[in-house]
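See structure below.
Taken together, the values in this text are just the output of simple stated rules run on the coordinates, not laboratory data. Note that the structure is predicted; figures quoted are calculated from it, not measured. Positions of Cβ are backbone-derived with ideal geometry, glycine not excepted, and every protein chain shown enters the neighbour counts.
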Amino acid sequence: MFLRLAQQHRQFVKDLVMNLQALATVLENRGYLASCYTCGDQMNSASFMVSLGEDHLIRFLVSDYGITWTEMRDERELMKLEGAEAISQLQDLADLVKYELNSASTQVPDDGQDRPQPHPAVVIQ
């Protein structure tokens with residue numbers, strides 16, 4: 001049982017790293033300063049960073065030891081989340097980028113539908 005769980009965890013980390021790399025690419029294509037670095041070719045850890053402007057920085061770290069989301073402005077830590085909360089915050093960022101891409105490609109009048117809302121500290125400018 002524990003060997004199976006360890007393998008599932010390794011696969012989860014690998015999937016997360018691949019998604020971070022894709023998100024960094026999308027953000028770079030949108031004009032943001034973004035990067036995703038991995039250690040080695042096994043994709044068992046990554047450091048993802050994106051600058052949202054005006055000294056507003058997001059750092060997301062993933063490894064076998066844990067997952068953290070750190071948000072900073074003017075070199076001060078605004079928020080630090082770990083585990084599932086960190087991943088949820090990353091999803092909010094990805095949803096905002098997706099919404100920006102969709103709204104930029106198809107300018108649709110407001111139809112009253114709910115749109116993804118950023119966490120108060122996450123504002124893509």
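Please work out which residue is surrounded by the fewest Cβ atoms within 10 Å (Cβ to Cβ), limiting yourself to region 20-41 and to residues that are farther than 20 Å from M72 by Cβ and in contact with a helix residue (DSSP H, G or I) (Cβ under 8 Å, 6 or more places away or on another chain).
For region 20-41, the residue satisfying everything is R30.
Could you list, in sequence order, all residues of region 51-77 that are within 14 Å of L93 (Cα to Cα) and not small (G, A, S)?
L52, H56, L57, I58, R59, F60, W69, T70, E71
Restricting to region 74-90, what's the tally of residues that are surrounded by 12 or more Cβ atoms within 10 Å (Cβ to Cβ) and either closer than 14 Å to F48 by Cβ or touching a Ser or Thr at 6+ places or on another chain (Cβ under 9 Å) (or both)?
Within region 74-90, residues that are surrounded by 12 or more Cβ atoms within 10 Å (Cβ to Cβ) and either closer than 14 Å to F48 by Cβ or touching a Ser or Thr at 6+ places or on another chain (Cβ under 9 Å) (or both) number 9.
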